[in-house]
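The structure appears right after this line, and notes come after that.
The values are calculated or read from the model by the stated rules, or taken from the named source; none is laboratory data. Bear in mind that the values here come from a model prediction, so they are computed numbers and not experimental data. For neighbour counting, all protein chains shown are included, and Cβ atoms are generated from backbone atoms with ideal geometry for every residue, glycine included.
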Amino acid sequence: MEVYQVPIIPLIVGVVELLKSLGLPKKLSALVAALLGILVGLFILYPNDKGKGFITGLSLGLAASGLFSSTKNTIEGVKVMRISRKK
């Protein structure tokens, strides 16, 4: 993966968050992130190499999904710590 592709991950996260605010069910967010990554890989990054585009795009989409998940878990963990301190 080349360095210029890394900003695509937070971009995918942002698009998925936008779609969720418009009514996308949370359970579909990982699937949508993977699909967006594949589309970016196939049509923007490697339009002439479908195999490389698919694998790279899937990797980007799954990384975006993991970034969202880990951020969500961290925020929930901080909330739990704050609640337990108040007791």
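Might you let me know whether the range 43-57 holds any residue that is under 17 Å from the mean Cα position of the chain (by Cα) and at pLDDT below 85?
For the range 43-57, residues under 17 Å from the mean Cα position of the chain (by Cα) and at pLDDT below 85: absent.
Name the pairs whose Cβ atoms lie under 6 Å apart, with the first residue in the range 37-53 and closer than 22 Å to Val13 by Cα, the second assigned to a loop (DSSP other than H, G, I, E, B), and 6 or more positions between them or separate chains?
Matching pairs, first to second residue: Lys52/Tyr46; Gly53/Tyr46.
Residues in the range 60-75: is at least one surrounded by 19 or more Cβ atoms within 10 Å (Cβ to Cβ), at pLDDT 95 or above and either over 14 Å from Val6 (Cα atoms) or touching a Lys or Arg at 6+ places or on another chain (Cβ under 9 Å) (or both)?
Within the range 60-75, none of the residues are surrounded by 19 or more Cβ atoms within 10 Å (Cβ to Cβ), at pLDDT 95 or above and either over 14 Å from Val6 (Cα atoms) or touching a Lys or Arg at 6+ places or on another chain (Cβ under 9 Å) (or both).
For Met81, state whether it is at pLDDT below 95 and part of a loop (DSSP other than H, G, I, E, B).
Numbers: at pLDDT below 95: yes; part of a loop (DSSP other than H, G, I, E, B): no.
Spelling it out, it is not the case that Met81 is at pLDDT below 95 and part of a loop (DSSP other than H, G, I, E, B).
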